[in-house]
Each structure stands twice: as C-alpha cells, then as structure tokens.
Amino acid sequence: MQSTAWKTIFNRIPREHHEIMIVVTSIGIEINVRYIQLLEPDYVVLRGRLGGTTEAGRLFFVPYDQINYVTFSKEIKEEQIADMFGLEAPPEKGPIPEGLDMEVAAEATPEPEKEKPTPPAEPAKPAALPGKMALLERIRARVRAKPEGEGPGSAPDK
C-alpha cells in the first residue's frame, strides 16, 4: 500500500482509538500503539510497545511500505466506524459504499456446498489392547476362572 493511503487511514482514526490499535509489519512484528506521534511522508512515528511485552513507552519509526495491516484489539461500534470513514450509516443499513464492485464481491463469495449423504456407519471393530492392558485383562480372566479358595491370597483349607 502506498504511503499516502496509510497516512489517510491513520488520519481517520481518532486519538481515543489509538490505544487499541495494533500495527503489524510485513515480517509479523506487532506494535501495540499508545498513540501516533507523527506522520511523515515515508514513515510513521508511533509510541507504544512490542506485542507480548510489558515495556511501554517505546518509540517506533515504521516505514509505510513495511506495514502489512492495522487492526484493533477491542471491538469498535458500527457508528464509530461510520464516523471514521465518513459513512452515512452502517453498511448493512445504508447504500453500498463507493468503490465496492458488487459483481466482484459476488464472484468472491463461494456458493454453499450441497450436503452429501453420509455413508452408513460401519460396525466398530474391537480395538487391540495395548501390552499393559492385555496383560491386566489376562490376569483378571485367570482370577475369575479359578474356583473359590484357589485365588491368590486364599489360605488352604485344613
């Protein structure tokens, strides 16, 4: 994205939303923004911290061509988005925003797949017991098979 596009986006984001903004660079580094310090022709100066750290108050000089995307860590209401981008109403209720090509959007939307009938379930095969379980099962079967008084720990009758 060109630097003028990023500058336009950053100018539209109100200062009260800066603290929930995250700038992700092209190599995946997340910068949790506290506020935008300065917008220069080729880079933005941000005050904040790296994602996953607690060291706040860092100053970042981020070239626009290294910004992959910008996101927010908390929800932004539809009305606030409409205010940021100069929309009359939220997209669901208002007219289609200028520049949105509905034919392209329709082509990009995949059609739902028809449900395929599920094949009948096959009877479950008994699972082979692992070594330890098989040994325990054989011991239990042996104890059950012996007549009373012949099991382990039984005293011989006198």
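At-a-glance table
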| item | result |
| --- | --- |
| Matching residues in the stretch 23-36 - criterion: being out of contact with any Gly (no Cβ under 7 Å at 6 or more places or on another chain) and either surrounded by 15 or more Cβ atoms within 10 Å (Cβ to Cβ) or more than 24 Å from residue 86 (Cα to Cα) (or both) | 23, 24, 25, 26, 27, 28, 29, 36 |
| Number of the exception - residue 78 against (1) touching a Pro at 6+ places or on another chain (Cβ under 7 Å); (2) closer than 21 Å to residue 19 by Cβ; (3) at pLDDT 90 or above | (3) |
| Residue list for the stretch 51-65, filter: exposed (fewer than 14 other Cβ atoms within 10 Å of the Cβ), of a type outside the set (Phe, Trp, Tyr) and either assigned to a strand (DSSP E or B) or modelled with pLDDT of 90 or more (or both) | 59, 65 |
| Residue within the stretch 1-12 that is outside any helix (DSSP H, G or I), under 18 Å from residue 65 (Cα atoms) and either modelled with pLDDT of 90 or more or within 25 Å of the chain's Cα centre (by Cα) (or both) present | yes |
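The values are calculated or read from the model by the stated rules, or taken from the named source; none is laboratory data. Here the structure is a predicted model, which means the values were calculated and not measured. Please note: Cβ atoms are built from the backbone with ideal geometry, for glycine as well, and neighbour counts cover all protein chains shown.
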